[in-house]
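The structure appears below as structure tokens.
The values are calculated or read from the model by the stated rules, or taken from the named source; none is laboratory data. Since the structure is predicted, the reported quantities are computational estimates derived from the model, not experimental observations. Neighbour counts are summed over all protein chains in view; Cβ atoms, including those assigned to glycine, are modelled from backbone coordinates with ideal geometry. The accessibility values were calculated without ligands, DNA or RNA, using every heavy atom of the protein model including side chains. Shrake-Rupley method; radii C 1.70, N 1.55, O 1.52, S 1.80 Å.
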Amino acid sequence: MQNASAIVFSGIAPHPPIMVAEVGREAIAEVRASIAAMGEFTRRIVASGAETVVLISPHAPLDASAFVAYHTPHLCGDFANFRAAGTKVKFSLDEALLEAIRGFAARRDYEVINLDNFPLDHGTAVPLYFLDRNGWSGSVVALGYSFLSNEDHLKFGECIRAAADSSGRPVAFIASGDLSHRLKPDAPAGYNPAAHHFDNEVVGAIHDSSPERIIEIDPQLRQTAGECGYRSMLVAVGAVNKLSLACEVLSYEAPFGVGYLVAQLTNANASKTMSNRLTVSTNPELQRLTAELPALARRAVETFARTGKQIDTPAEITALLSVRAPCFVSIKTLNGELRGCIGTVEPVKDNLAEELIANAINAATRDPRFDPVSPEELANLLYSVDVLRAPEPATLEDLDPKVYGVIVEDESERRRGLLLPDIPGVETASQQVDIAARKAGIPAVTPLKLTRFRVDRFRE
């Protein structure tokens, strides 16, 4: 099936304000996968040649029986409601495309009501913030959906595609929406143990290149999840109907109990044989961090081994290195043998850069299993850095040693052992827990408190 449409790219974007650096501040460390994925998402929009972005948000002012459109020559929004009034987005309205959408919608008896001089809602402003910061410039049509039926939202998506095709200009479509809001006990909408099934359905449908499966999701499951992105996704499914799919999950995470998905549905530049991968390795931001973090660890160790001095924190550091976050630094020989590994479960320094430097030096000099690294060894060493995400309580059944690291504690919480994920030779959760408990010196019969965590791994 050929993608002959003017819609050259389409996808799904999350909209938590905490992803905005000026809003989230140090908390952005917990959403770094989504932030990096939005960089890649924007790069693809830029590469597609899209001159206009059409975006639909669940947080625009709603009308029960009509769709809505922000209508002012310049679409403006800020994050004043999130304590960052100075952070703004501003794009020109594509008036011609909006009128075309209105016209094609009217042919199907749908009304598109103007929102005159309304500031953009955060569901619109957050994705546009990342487009602006990552180099896309163009015009925008910003829409909101209605309380009409699912079928009506699918058909409205078809109206958007028809209008784009009539324009003769390349257009990108973005469905703004978060997934379940009830994934953890401290989630903002409360907790429901079945809520994760909604996210699994959506992520699975895209991963399997079957976005039409989203249409069939049980309405009761949607209510259980407390989602806010479903109708946006329905409009997207309608907009890409009959187009060549290039579905790809760029990232999915839920650090605060709300599911954040960055995904591609169509891309005129994509290969038909494109693979579906969680957090793509072609992401330039991730590639840069993969080089930067181990390089900083290497410089810290080599300088200390040769001079006995700790390096200064780099004068210019990335957003990730500027936040407070725990990390582990692992040192191995070129033959793959461990030479040192030390880290922190909770941050103790002012930022990740300082945390990494200290842990790298400690891994080289204070791992009790090894002698300190000597200058003669430096050329034979490789470095990796694991940045830990927020831990969460777990049972043995919740563990997967390939995906999660584990922290084990005795009931008094005086002894604690940790094992990173994806360790060669560790195949089962029981094996992972046993090793971590032995490292902590916890007797085999002691009841254990378990906590699991994910890591972002950067290695040479």
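Points to keep in mind about this one:
- Residues of the stretch 165-204 classified as in contact with a helix residue (DSSP H, G or I) (Cβ under 7 Å, 6 or more places away or on another chain), under 19 Å from Ala236 (Cβ atoms) and among the hydrophobic types (A, V, I, L, M, F, W, C), total: 8
- Residue check, Pro401 in a loop (DSSP other than H, G, I, E, B), buried (at least 17 other Cβ atoms within 10 Å of the Cβ) and of a type outside the set (Val, Ile, Thr): yes
- Condition met for Ile442 (at pLDDT below 95, β-branched (Val, Ile, Thr), open to solvent by 20 Å² or more (accessible area, probe 1.4 Å) and in a loop (DSSP other than H, G, I, E, B)): no
- Looking only at the stretch 310-335, residues that are in a loop (DSSP other than H, G, I, E, B), small (Gly, Ala, Ser) and either over 18 Å from Arg459 (Cα atoms) or modelled with pLDDT of 90 or more (or both) come to 1 in all.
- Number of residues in the stretch 218-245 that are open to solvent by less than 10 Å² (accessible area, probe 1.4 Å) and among the hydrophobic types (A, V, I, L, M, F, W, C): the value is 7.
- Extreme residue, most open to solvent (accessible area, probe 1.4 Å), among residues of the stretch 191-217 that are over 22 Å from the mean Cα position of the chain (by Cα) and of a type in the set (Asp, Glu): Glu216
- Cβ separations smaller than 6 Å between residues 6+ apart or across chains give the following pairs from the stretch 89-117 residues that are farther than 16 Å from Leu62 by Cβ to residues that are of a type in the set (Ser, Thr, Tyr) and open to solvent by 50 Å² or more (accessible area, probe 1.4 Å): Ala100/Ser166.
- Candidates Ala163, Ala187 - the one that is at pLDDT 95 or above and surrounded by 16 or more Cβ atoms within 10 Å (Cβ to Cβ): Ala163
- Looking only at the stretch 45-86, residues that are in contact with a helix residue (DSSP H, G or I) (Cβ under 8 Å, 6 or more places away or on another chain), in a loop (DSSP other than H, G, I, E, B) and farther than 27 Å from Ala106 by Cβ come to 1 in all.
- Per-region count, the stretch 246-273, residues touching a residue at least 12 places away in the same chain (Cβ under 8 Å), farther than 17 Å from Ala175 by Cβ and open to solvent by 50 Å² or more (accessible area, probe 1.4 Å): 5
- Segments classed as helices (runs of 4 or more DSSP H), wholly inside the stretch 132-244, with at least 3 members that are within 20 Å of Leu120 (Cβ to Cβ) and not β-branched (Val, Ile, Thr): 230-239
- Residues that are part of a helix (DSSP H, G or I) and buried (at least 19 other Cβ atoms within 10 Å of the Cβ), drawn from the stretch 363-398: Ala363, Ala364
- Within the stretch 413-427, the residues that satisfy the criterion of being outside any strand (DSSP E or B), open to solvent by less than 70 Å² (accessible area, probe 1.4 Å) and closer than 22 Å to Thr446 by Cα are Leu420, Val426.
- Residue count for the stretch 343-362, restricted to those that are of a type in the set (A, V, I, L, M, F, W, C), out of contact with any strand residue (DSSP E or B) (no Cβ under 8 Å at 6 or more places or on another chain), open to solvent by 10 Å² or more (accessible area, probe 1.4 Å) and at pLDDT below 95: 1
- Residue in the stretch 285-293 that is modelled with pLDDT of 85 or more, more than 30 Å from Gly204 (Cβ to Cβ) and of a type outside the set (Phe, Trp, Tyr) present: yes
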